[in-house]
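Accompanying notes for the structure given below.
The values are calculated or read from the model by the stated rules, or taken from the named source; none is laboratory data. Remember, predicted model here, so these are calculated numbers, not experimental data. Note that we place each Cβ from the backbone using ideal geometry, even for glycine, and neighbour counts take in every protein chain shown. What goes into the accessible areas is simple: the full protein's heavy atoms, side chains included, and nothing from ligands, DNA or RNA. Shrake-Rupley method; radii C 1.70, N 1.55, O 1.52, S 1.80 Å.
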Amino acid sequence: MTELTNVDIGLIGLGVLFLLILLRVPIAVSLFLVPFAGIYAMFGWRPAIGALKTIPYDFAASWELSSIPMFLLMGYLAYHTGITAGLFEAARAWLSRLPAGLAVASIFGASGFAAVTGSSVATAAAMGKIAVPEMLRHGYDPRLATGTVAASGTIGALIPPSILLILYGIIAEVPINLLFLGGVGIGLLSALSYVIVVVGWAWMVPGVAPRATEAFTMREKFRMLAGVTPALLLALLVFGGLFAGLFTPTEAGAVGAALCTLIALAQRKLTWRTFRLSVGESFITTAALLFIVIGANLLARFVALSGVDGYISDVVSAVSSSPFLFLMALMVVYLILGMFLEPTGAMIITLPIVLPVAASLGVHELWLGIFLAKLLEVGMITPPIGLNVFVLKNVVDKRISLGAIFKGTTRFLIADIVVLFFIIAVPGVVLFLPNLMN
């Protein structure tokens, strides 16, 4: 019987990992078990135990990781204290007279909300509670109303402070502030593509989005803009200071959480209950993320020790040296993964394999981070496990079926694919702002 090589063990380990995930074993558990068993199979007990003792601590002790709980706390505080509540109302006042104006307002409201919270799920949940009932009250087709909000929630992974981009930056060792700048451009491009979808939908299918009959005076419009001031002030201070070099991305999270607390106190919206709820949710989400990220770091070490990364790079180079074909393959793989996994898990599991191959083909690592963030977010509205769709289903009218919401996202999925191809064809659209800052 032929003895297994390290590469064989690595490939078997990756196969077992995906099998465990398909069997619904928690991602964090799978990410700890497979590397431990693989290192043991290659080198024995001492190196396997040593990896478990040193790698989790070395990675978790990274100062950059402290930005994650701080940005999460800022987002949860802004959500629970209602700092972001005025965003949709202001957008509605200024945009409701457009074709599908309330849907357009929902997209811009979601973009503003995402700029404060950085969470796709939180954006979808909040806008589902605020915007969907308003659109239904005005006679909008439920598919248009829910599809718009589910898709708009995905902007949260692109517009800073994106937790997905922070994790990518830490793992790939790419400056987080440059990733944030690249994400801004693609986030706004995504929002524009969604506006085109809803306006075109309303124009081609009369009746799905009746014109608004209510009119707002200029005084009312400017009064509603005042409701945006707290969220706008928070975003300007945090990201203005970050991009101006006043503080680092790691410090920006703490500054944002502190400013959010002060703004909520000044508005008398911060109660002990909301503060405790925000801190508790931040702890829970941070702990879950850290377990997954530490497990991914173990996986990366296992992949490197087994030589699988070099083997896959050689196979890809032998099949094709074209970065375009590699990116097409990535799109297929991530769209399939997005049907079953949430974005953070899908990204972290695959990065140890994707990064070395991308580097061998000369794919720009900053560009790749934005491309992957956009690609992974498509999975948030892709059947059968589109997370944003399930979150939205829990907060909207029970008479709206899950199937109707998924049907509503179909046109937005097409728009996302078009945006992804545009990013590939014109990489400068991602790199323009980061290059400008450099």
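Step through the residues of region 261-272 one at a time and calculate ³J(HN,Hα) from phi using the Karplus curve (6.51 cos²θ - 1.76 cosθ + 1.60, θ = phi - 60°), rounding each to whole Hz and writing x for Gly and Pro.
Per-residue couplings from phi come out as 5, 5, 5, 5, 5, 5, 8, 6, 10, 8, 10, 4 Hz.
With a point put 7 Å past each Cα toward its Cβ, work out how far Glu251 is from Arg46 in nm, to one decimal.
Each label point lies 7 Å from its Cα, and together they span 4.5 nm.
For Cα Rg over 2.2 N^0.38 Å, several values are listed as (1) 2.64; (2) 1.06; (3) 1.01; flag the one computed from this structure.
(3)
Between Lys129 and Glu173, with labels modelled 7 Å along Cα→Cβ, what's the label distance in nm to one decimal, could you check?
It works out to 4.3 nm between the two label points.
What ranking of Tyr40, Tyr57, Tyr140 comes out by heavy-atom accessible area, probe 1.4 Å, highest first?
Solvent-accessible surface, decreasing: Tyr57, Tyr40, Tyr140.
What FRET efficiency, computed as 1/(1 + (r/R0)^6) with R0 = 56 Å and r the Cβ-Cβ distance, is obtained for Glu3 and Phe324, rounded to the nearest 0.05?
0.90
Which of the peptides 355-365, 63-73 is most tightly packed, and how do the rest follow, going by the mean number of other Cβ atoms within 10 Å of each residue?
Result, highest mean first: 63-73, 355-365.
Pull out the extension gain between Ala258 and Arg97, defined as 0.36 nm times the separation in residues minus the alpha carbon to alpha carbon distance; nm, one decimal.
So the chain would gain 54.2 nm between Ala258 and Arg97.
Whole number in Å², please: accessible area per residue of region 12-109, 1.4 Å probe, ligands, DNA and RNA not counted.
So region 12-109 comes to 44 Å² accessible per residue, rounded to a whole number.
Got a sec to turn the phi values of region 218-229 into Karplus ³J(HN,Hα) couplings, 6.51 cos²θ - 1.76 cosθ + 1.60 with θ = phi - 60°, whole Hz, x for Gly and Pro?
Values per residue, Gly and Pro as x: 4, 4, 5, 5, 6, 5, 5, 4, 4, x, 7, 3 Hz.
From largest accessible area down, sort Ile83, Ile263; use a 1.4 Å probe on the protein chains.
Ile263, Ile83
Looking at the chain as a GNM with Cα springs under 10 Å, which of Leu277, Leu23, Leu330 has the largest mean-square fluctuation?
Leu23
Express the relative contact order of region 277-429 as a whole percentage, based on alpha carbon pairs under 8 Å and six or more residues apart in sequence.
23
Per residue, how many Å² of accessible area does region 147-281 show with a 1.4 Å probe?
Spelled out: the 1.4 Å probe surface of region 147-281, per residue, equals 45 Å².
What number comes out for accessible area per residue over region 374-438 if the probe is 1.4 Å? Units Å², please.
47
Multiplying the sequence separation of Leu192 and Val426 by 0.36 nm and subtracting their Cα-Cα distance, what value in nm do you get?
82.6 nm
Between Glu365 and Ala287, what is the FRET efficiency for a Förster distance of 30 Å, r being their Cβ-Cβ separation, to the nearest 0.05?
It comes out at approximately 0.60.
Cross-link partners among lysines for Lys129, C-alpha distance below 16 Å, same-chain residues fewer than 8 apart left out?
Cross-link targets: Lys393, Lys398.
Between Arg137 and Phe216, what is the spin-label point distance in nm, taking each point 7 Å from the Cα along the Cα→C-beta axis?
About 1.4 nm separates the two model spin labels.
Rounded to the nearest 10 Å², what accessible area does Phe243 show when all protein chains are kept and the probe is 1.4 Å?
It works out to around 60 Å².
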